[in-house]
Structures are given as structure tokens and as C-alpha cells.
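The values are calculated or read from the model by the stated rules, or taken from the named source; none is laboratory data. None of the values given here were measured: they were computed from a predicted structure. Note that we place each Cβ from the backbone using ideal geometry, even for glycine, and neighbour counts take in every protein chain shown.
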Amino acid sequence: MSRRPMSNGSAALLLAAALSLSAAAVLVFLAAAAAPALAHHASVAEFDMDKQITLNGVISKVDWINPHVYIYIDCKDAQGNVTTWAMESLPTRFFHSMGLSKEMLGQGQAVTIAARPAKVEGRHLGWIVSITYPDGHVYDFSGH
């Protein structure tokens, strides 16, 4: 069986098809790789970065996990009712780079937390800007 040489036009079409398939595969890979990054950095979508609230309470729990550390604070209202707020923050590596550990946050410790509130009304959720302790020391997460 003899093979006929491929014409220049057929070779060009085959090359174009292969390149198109490769480009499509790269685009699919990039889109799949970007999705978790975009979902992870959605704090602007979930929190109102133009507003700031101040909460006074006691740290009831610290979830030292990735991708974000959560600090739970029990806040009492004027009638003595307790509401637990979930405060989202940076990943553990940022806490480590600031010289902080889970133990240093002080479960059971009274604190004042400045935070960006959730955009959804009624959710007891915020993005931590700073934590102030009664002795005056402050952990600032605002980047300023």
C-alpha cells in the first residue's frame, strides 16, 4: 500500500485543528484553575467593605483552619441576651507571620473587634479589621 504525500493545504488544516484543540484545552485548564482562586477571594462579595462595625464580647472559639481563621465572639445586648458572631480573617500563615498563634488570641478573653459586616442583613458574620484587648494591645489586620 503506497502513501500519497499530504498536500500543503491538508497539512495546514491538520496543524490548525491541532493548535485549536490545544488552545481549547489550555483555556479549559486555566478556567478550572482560576475558579477556586476567584471563589476564595470573594470577601468583597460577602462583606460590605464600606461599613465598619464594633463588637464587644468574649472570644468563645477559635477555628485555626485554612483557608481562613474564624474567631467566634459572644456579645451581650442591653437585656443580657448573647449573640455569637463568626468573625472571618486571614489564613493561618498571615497570623504566623505576625507572630500570632491560636493560643495568643485568648479563648475566654474579652475583646473589642472592628469588622466589616456581612452584606446580608441579619447574618452575624464579619471580616476582622482589628482586635483590641482590655490592656490596649491591638492586632491590626487591615493592612494599614
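List of remarks:
- In region 103-139, the qualifying residues are those that are among the charged types (D, E, K, R) and more than 18 Å from the chain's Cα centre (by Cα), and the one that is modelled with the highest pLDDT is 135.
- Lone unmet requirement of (1) at pLDDT 90 or above; (2) within 17 Å of residue 129 (Cα to Cα); (3) surrounded by 14 or more Cβ atoms within 10 Å (Cβ to Cβ) for residue 60: (2)
- Tally of residues being surrounded by 15 or more Cβ atoms within 10 Å (Cβ to Cβ), more than 11 Å from residue 61 (Cα to Cα) and small (Gly, Ala, Ser) across region 72-115: 3
- Hits in region 119-134 - residues which are under 10 Å from residue 87 (Cα atoms) and in a strand (DSSP E or B): 125, 126, 127, 128, 129
- Residues within region 104-118 that are of a type outside the set (A, V, I, L, M, F, W, C) and either in contact with a helix residue (DSSP H, G or I) (Cβ under 7 Å, 6 or more places away or on another chain) or not in a strand (DSSP E or B) (or both), tallied: 4
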